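A short reminder: the numbers here are calculations on the coordinates, not readings from a lab. Only a predicted model underlies this, so the values are computations on that prediction, with no experimental measurement involved. Note that each Cβ is placed from the backbone with ideal geometry, even for glycine, and that neighbours are counted across all protein chains shown.
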Amino acid sequence: MTTEDYILSKLPYSKPFRFVDRILEVNENYIKGSFHLTADMSFYSGHFPQHPITPGVILTEIMAQIGLASLGIYLNKNTVSASDLPFVMTATQLEFLKPVYPDTTVFVESEKVYFRFGKLKCKVTLKDKMNETLCEGFISGIQIKQ
């Protein structure tokens, strides 16, 4: 099993609430992944119906699933039991810089700020395929042991 397959298999989300398509790169300090926002996703029909844009809460969730939960799974790959949840978000400090429209692939890059005592804090950036920064900031989380 590849590292990408391992991380994806441990994520506790399923469609329509799984916002991770690919893990493109990962190491002890960094993760990069992607997700494609299709135009038929249900939230677009009610979020500015005449000019749909991706809600900030969805962008936050994409960044948390890739930049926090996926990195946390990787960092704990040798210590996670089957009943443990990956890192769950506890705090954010994000700045939304540009709107994200339907039918866009976004890329999340996350750098570990610290990982200790079951707590993970990351500096996250959301970019488009032109490498333009759409959102950036910090996400923190904690692992839930069962």
Sort 25-31, 93-99 by packing, meaning the average of other beta carbons within 10 Å per residue, with the highest value first.
25-31, 93-99
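Treat the count of other C-beta atoms within 10 Å as a stand-in for reagent exposure and order 130, 41 from fewest to most. Mind dumping the intermediate values first?
Working: 130 5, 41 17.
Fewest-to-most Cβ neighbours within 10 Å comes out as 130, 41.
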Using Stokes-Einstein with the Kirkwood hydrodynamic radius over Cα pairs, what translational diffusion coefficient do you get for the chain at 37 °C and a viscosity of 0.692 mPa s, in µm²/s rounded to a whole number?
214 µm²/s
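Which of the peptides 18-24, 68-74 is most tightly packed, and how do the rest follow, going by the mean number of other Cβ atoms within 10 Å of each residue? Numbers along the way, then the final one.
Details: 18-24: 17.7, 68-74: 26.6.
So the order, starting with the most tightly packed, is 68-74, 18-24.
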Place a +1 charge on the Cβ of each Lys and Arg in the chain and a -1 charge on the Cβ of each Asp and Glu, then give the dipole magnitude about the Cα centre in debye, rounded to the nearest 20.
460 debye
Along the charge dipole of region 1-97, which of 23, 11, 54 sits closest to the positive end, that is, farthest toward it, with unit charges on the beta carbon of Lys, Arg, Asp and Glu (+1, +1, -1, -1)?
11
Order of 112, 129 - criterion: other Cβ atoms within 10 Å of each residue's Cβ, fewest first:
129, 112
